[in-house]
Amino acid sequence: MKKPWGGRFKQSTDALMEKFSSSVAFDRRLYACDIEGSVAHCKTLAKAGILTRAEAGKIVSGLRKVLAEIESGKFEFDESLEDVHMNVERRLTQLVGPVGGKLHTGRSRNDQVCLDARLYLRRETAAVLELIVRLGKSLLGQARRNVDVVVPGYTHLQRAQPVRLAHHLLAHLEALLRDRERFADALKRIDVMPLGSAALAGSNYPVDRRYTAKLLGFPEVSHNSIDAVGDRDFAVEFVSAAAILMMHLSRFCEEIVLWSSAEFGFIELSDAFTTGSSIMPQKKNPDAAELVRGKSGRVYGHLMALLAMMKSLPLAYNRDLQEDKEAVFDTADTVKMSLAVMAGMVATARFKPPSPERLESEGFLTATEAADYLVLKGVPFREAHEIVGQTVAYCLQKGKPLARLSLAEFKAISPRFEADVFKCLSAEKSVDRKAVYGGTARKRVLEQIARLDKIFKSIEKRRGKSS
Ligand code: ARG
């Protein structure tokens, strides 16, 4: 096939090379961003007097036609034209004639592709931010409904101390809100306009880069043309924020899988977010949670791929950078899908926590309370720990929970135990003693629900203003 540009070549490209080099199979997804960027570039050229108003008008309406053709499915992408940029430009020229060839004045695909990637990631980041809020609100809703539900809290996956279910759910929400901040922060560095950097040294034409930025809604322009075309750290940041988010989602999903087993039995997922088994009729599988957990791996993989792709590149543009696309696209798709599915799964889940009797009779959840009880009676904590440890050993030997021991049995282990020891053994009382800021006491959990509610309201207010 003859090369799409360049008089310098005598031979056409080898078919294998053409296939190897082509990115249009995946970067066609950038078509809308590419056209939006080209329209702004064209208007900037006209403002600088490099194109006449009439020429610019023709080009802009041609670009709009190309957009319509792609959107109606009429457009045929040609692999031999390498990428989306060449495909759009070729069609533009077919539609408007030789004037289409003026669009690329003062621009290189190096700044063009970087602009497209930034426009794309800006949109995707906004979508991710919204979806995080959607999942966050599902969590907050469940927390609100489950303030008075007490569950065993675990460390090392061993029963540790009772906690309010709402407190546990809000722990996941805290992580999610930090993820949101990471994406919002990455957005500041994505939101920078690179056009005018041209191939690497800057454009030969006196284009008003701030004007281009304004047309495209960028608050900043890049400050160094070499940096602008050669770095993809903004994409790495997006994928890195995504990897951390997926790590959090995966941990949450791991718990959903555990909690929906008969062994835990703390949660029942709705039919809408579960699947059956092709052989075992009784099964209701938490596949949504398992898939999110599984998909976290591919996002970590994309992060590694991008970092490795970048690490030895000399400045400025290198063709290796084309390899960022699939990693970034798949990351955005995976993250958006995972968040949306989890929002539905969480909102429709039903919690089935253990009864207060079970909480009190299984796992010695209030053993620490008994130790603290002794501390209040003046026993040093280390000694109290030892005494209650012996009491637990005695219970295990007798097959009894702490609360079923008689006062005489307690006293046989330590005379410091008195009749009021039984009061401290209730899970309900235990949670409300954790009344420090950030603790699991009812008033503290309600305080956090109110705080989180305010955060969501202010996010919504800001979103209302910006749309
Ligand atoms: N397809 C290329 C990419 O994704 C576009 C830029 C090509 N630039 C070049 N000088 N070959 O990176």
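The values are calculated or read from the model by the stated rules, or taken from the named source; none is laboratory data. Just so you know, these numbers come straight off a predicted model, no measurement behind them. Here the Cβ positions follow ideal geometry from the backbone for every residue, glycine too, while neighbour counts run over all protein chains shown. Accessible surface is based on the protein model in full, side chains and every heavy atom, while ligands, DNA and RNA are left aside. Shrake-Rupley method; radii C 1.70, N 1.55, O 1.52, S 1.80 Å.
Amide H of E268 versus every other amide H placed in the peptide plane: which residues, excluding those fewer than 5 positions away on the same chain, fall under 5 Å?
Answer set, sorted by chain and number: R350, F351, K352.
Rolling a 1.4 angstrom probe over the protein heavy atoms, how many square angstrom per residue are accessible across region 169-240? Can you show the working numbers first?
Working: 3190 Å² over 72 residues.
It amounts to 44 Å² per residue over region 169-240.
Residue-wise, which Karplus ³J(HN,Hα) couplings in Hz belong to region 19-27, taking 6.51 cos²θ - 1.76 cosθ + 1.60, θ = phi - 60°, and x for glycine or proline?
Result, rounded to whole Hz: 5, 5, 7, 6, 10, 5, 4, 10, 7.
Show that you can apply the helix-only estimate: for the chain, add -39,500 (n - 2.57) for every DSSP H stretch of four or more residues, divide by all residues, and state [θ] at 222 nm to the nearest 500.
After summing the helix terms and dividing by the residues of the chain, the value is -20000 deg cm²/dmol.
Using a simple spin-label model with points 7 Å from Cα along the Cα→Cβ vector, what separation in nm is obtained for F422 and S361?
Simple spin-label model gives 1.6 nm for this pair.
Compute the long axis of helix 31-47 from its Cα atoms, compare it with the longest principal axis of the Cα atoms of the chain, and write down the angle in degrees, 0 to 90, nearest 10.
Once rounded, the angle reads 50 degrees.
Angle check, please: helix 324-347 long axis (alpha carbons) against the longest principal axis of the chain (alpha carbons), in degrees 0 to 90, nearest 10.
Helix 324-347 sits roughly 40 degrees off the main axis of the chain.
Which cross-chain or sequence-distant (5 or more) residues have an amide H under 5 Å from the amide H of V150, H modelled 1.01 Å from N in plane?
Counting only residues 5 or more places away or on other chains, the set is L165.
Which order do peptides 301-309, 192-200 fall in by mean Cβ count within 10 Å, highest first? Please list the in-between numbers first.
Working: 301-309: 17.1, 192-200: 23.6.
Sorting 301-309, 192-200 by mean packing, highest first, produces 192-200, 301-309.
In whole Hz, what ³J(HN,Hα) sequence does region 269-278 give by Karplus (6.51, -1.76, 1.60; θ = phi - 60°), x for Gly and Pro?
Going residue by residue, I get 7, 6, 4, 5, 10, 9, 10, x, 10, 6 Hz, with x marking Gly and Pro.
Specify, per residue and in Å³, the volume enclosed by the convex hull of the alpha carbon atoms belonging to region 340-467.
Numbers: hull volume 19.0 nm³, N = 128.
Spread over its residues, the Cα hull of region 340-467 gives 148 Å³ apiece.
If you keep only loop residues by DSSP, which trypsin sites (Lys or Arg not before Pro) in region 1-110 have at most 14 other Cβ atoms within 10 Å of their Cβ? All intermediate terms of the calculation are to be shown ahead of the outcome.
Values: sites: K2, R8, K10, K19, R28, R29, K43, K47, R53, K58, R64, K65, K74, R90, R91, K102, R107, R109; in loops: K2, R8, K10, K74, R107.
Here the sparse-neighbourhood loop sites are K2, R8, K10, K74.
Going by the alpha-carbon gyration tensor, a ≥ b ≥ c the square roots of its eigenvalues, is region 303-375 rounded (a/c under 1.5) or, if a/c is not under 1.5, prolate (a/b greater than b/c) versus oblate?
Details: a/c = 7.11, a/b = 2.38, b/c = 2.99.
In terms of gyration-tensor shape, oblate.
Using the Cα gyration tensor of region 53-115, with a ≥ b ≥ c the square roots of its eigenvalues, what is the shape: rounded (a/c below 1.5), prolate (a/b larger than b/c) or oblate (neither)? Kindly include the intermediate steps, with their values, before the conclusion.
On the way: a/c = 1.70, a/b = 1.07, b/c = 1.59.
Oblate, because a/c is 1.5 or more while a/b does not exceed b/c.
D333 to Y437: FRET efficiency via 1/(1 + (r/R0)^6), r the Cβ-Cβ distance, R0 60 Å, to the nearest 0.05? Don't skip to the end; give the middle numbers.
Working: r = 40 Å, r/R0 = 0.66.
Once rounded, the FRET efficiency stands at 0.90.
What do you get for the angle between helix 109-145 and the principal long axis of the chain? Use alpha-carbon atoms, 0 to 90 degrees, nearest ten.
With rounding to tens, the tilt is 20 degrees.
Taking R0 as 51 Å, what's the FRET efficiency between L315 and D453 from their Cβ-Cβ distance, rounded to 0.05? Before the final figure, lay out the partial values.
Details: r = 48 Å, r/R0 = 0.94.
Calculated transfer efficiency: 0.60.
Ignoring ligands, DNA and RNA, what accessible area per residue does region 396-467 give at 1.4 Å, in Å²? Each step should come with its number before you reach the end.
On the way: 4520 Å² over 72 residues.
Solvent-accessible surface per residue comes out at 63 Å².
Output ³J(HN,Hα) for region 74-81: one whole-Hz value per residue in order, computed from phi by the Karplus curve 6.51 cos²θ - 1.76 cosθ + 1.60 with θ = phi - 60°, and x for Gly and Pro.
Result, ordered by residue: 7, 6, 10, 6, 10, 4, 5, 8 Hz.
So for region 1-144, Kirkwood radius off the Cα pairs, Stokes-Einstein at 37 °C and 0.692 mPa s: how many µm² s⁻¹?
192 µm²/s
Under the rule that an exposed site lies in a DSSP loop and has at most 10 other Cβ atoms within 10 Å, name the longest stretch of the chain with no GluC sites (Glu not before Pro) of that kind, not counting the sites themselves. Please list the in-between numbers first.
Numbers: sites that count: E76, E263.
Value returned for the longest uninterrupted segment is 264-467.
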